[in-house]
Amino acid sequence: RRFLRTRNGYIGLGGRDAVIGDNVVLLAGSGAPFLIRPAGPGRYRVVSDAYFVGMMDGELWDSQRCGVIWLE
């Protein structure tokens with residue numbers, strides 16, 4: 001695992017393959033956030049699951065910001 005910090009100041013742990021520029025997303029039905037990386041136009045690759053203080057119990061879920069993404 002690797003220590004992570006978001007631009008918004010959240011701290012947590014993610015996979016050791018995480019790099020600056022990876023995105024943190026909350027996926028519907030999942031109990032944990034995920035790190036994803038752009039993999040082409042409109043496509044993303046899952047890097048790892050993650051643990052972030054303040055994100056684990058759906059505190060940041062906002063249905064107004066939900067959208068569909070393609071994961072590889």
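Some observations on this one:
- Mean separation of Cα contacts under 8 Å (6+ apart) over length of the chain, as relative contact order %: 27
- When the P(r) is computed for the chain, the part past 18 Å accounts for 36% of the Cα-Cα pairs.
- Largest GNM mean-square fluctuation across GLY29, GLY12, GLY21, computed for the chain with C-alpha springs under 10 Å, falls on GLY29.
- Probing with 1.4 Å while keeping every protein chain in the model, the per residue accessible area of the chain equals 74 Å².
- The modelled label-to-label distance for the pair LEU27/ASN8, using points 7 Å beyond Cα in the direction of Cβ, is 1.9 nm.
- Charges were assigned to the Cβ only: +1 to each Lys and Arg, -1 to each Asp and Glu. The resulting dipole of the chain about its Cα centre is roughly 300 debye.
- Cut-off of 10 Å, at most 10 other beta carbons, DSSP loop: longest stretch of the chain lacking such trypsin sites (Lys or Arg not before Pro): 17-72
The values are calculated or read from the model by the stated rules, or taken from the named source; none is laboratory data. Note that the structure is predicted; figures quoted are calculated from it, not measured. Here Cβ is always computed from backbone atoms with ideal geometry, including for glycine, and neighbour counts include all displayed protein chains. Only protein heavy atoms, including side chains, enter the accessible area calculation; ligands, DNA and RNA are left aside. Shrake-Rupley method; radii C 1.70, N 1.55, O 1.52, S 1.80 Å.
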